[in-house]
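The values are calculated or read from the model by the stated rules, or taken from the named source; none is laboratory data. On a predicted model such as this, the values are computed, not experimentally measured, just so you know. Backbone-built Cβ (ideal geometry, glycine too); neighbour counts: all protein chains shown.
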Amino acid sequence: MMDSSQLIQAVIEKYASCWSYRDAGTAFSRDFVVEFETYFTRPDRFSFRWKDHSHPGEKLIHFENGIVTLLLQDAQVEIPKLQTAITMANASSLLASSLLGSLLLPELVHTRVDFMPVMPYEIVESEHEGEIFTSLVSTESSPNFIQKLRINVETLAIYEWEQLIKADFADRSYLQVENFLVSQTQEVLSHDSEIGARVKFKHVSFDK
């Protein structure tokens, strides 16, 4: 059985080397619910669509042949770099676009908002509809940060990801730089609330 660091590395390698990937999912925060779909074909066709329940209209990042198109707030523009487009979309996509972009195209998308930082995890195995899942729950000494992953052991696909931090213990500049905010900084920091996102994936498919 792999330990947590070996399992995370295997997941990273799976996403970074797959020929194609697609999913649908839902992301949750304190204030928003976001539905999204991802389509990816190597070497560089990456399409991420999302919409939230409070603001009508679909949003889109599409990357193909080195050209990035971003549809955001009813305006469609070409962005010079995929990293830039994903950074602009982080808040409204609740970090799901950043997580998937950094996993599928790590040479183009570099973030610190995913699960890659090394930290200790507790490992819990479970079975659901005949499939085996491993859940990783961070065991940092500080109770003000929590990170969770649920991974399909056979396919190495991520089915749930959660990263939360207590607002009172979050540095304001860190939140702004890392695009960790899902609401206005001043409003969030005035409450003892959790900021971050919970992401649930469904219909995950590799190399189809």
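A few points about this structure:
- Failed item, numbered, when Ala85 is tested on (1) of a type in the set (A, V, I, L, M, F, W, C); (2) touching a Phe, Trp or Tyr at 6+ places or on another chain (Cβ under 8 Å); (3) within 20 Å of Tyr159 (Cβ to Cβ): (3)
- Elements of type strands (runs of 3 or more DSSP E) contained in region 112-208, each with 3 or more residues being surrounded by 11 or more Cβ atoms within 10 Å (Cβ to Cβ) and modelled with pLDDT under 80: 158-166, 194-206
Conditions tested, residue by residue: (1) β-branched (Val, Ile, Thr); (2) outside the structural domain of Asp23 (by TED's automatic domain parsing); (3) in contact with a His (Cβ under 9 Å, 6 or more places away or on another chain).
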{"position": "Thr41", "(1), (2), (3)": "yes, no, no"}
{"position": "Asp44", "(1), (2), (3)": "no, no, no"}
{"position": "Asp52", "(1), (2), (3)": "no, no, no"}
{"position": "Leu60", "(1), (2), (3)": "no, no, no"}
{"position": "Ile79", "(1), (2), (3)": "yes, no, no"}
{"position": "Gln83", "(1), (2), (3)": "no, no, yes"}
{"position": "Ile86", "(1), (2), (3)": "yes, no, no"}
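- The combined condition, being at pLDDT 85 or above and either loosely packed, with under 13 Cβ neighbours inside 10 Å or among the hydrophobic types (A, V, I, L, M, F, W, C) (or both), is fulfilled by Phe48.
- Boolean, Val109 is of a type in the set (Val, Ile, Thr) and either touching a strand residue (DSSP E or B) at 6+ places or on another chain (Cβ under 6 Å) or assigned to a strand (DSSP E or B) (or both): no
- Pick from region 55-81, criterion outside any strand (DSSP E or B) and polar (S, T, N, Q), ranking: nearest to Ile158 (Cα to Cα): Asn65
- Unique match (being of a type in the set (Val, Ile, Thr) and either at pLDDT below 95 or out of contact with any strand residue (DSSP E or B) (no Cβ under 7 Å at 6 or more places or on another chain) (or both)) among Ile79, Ile61: Ile79
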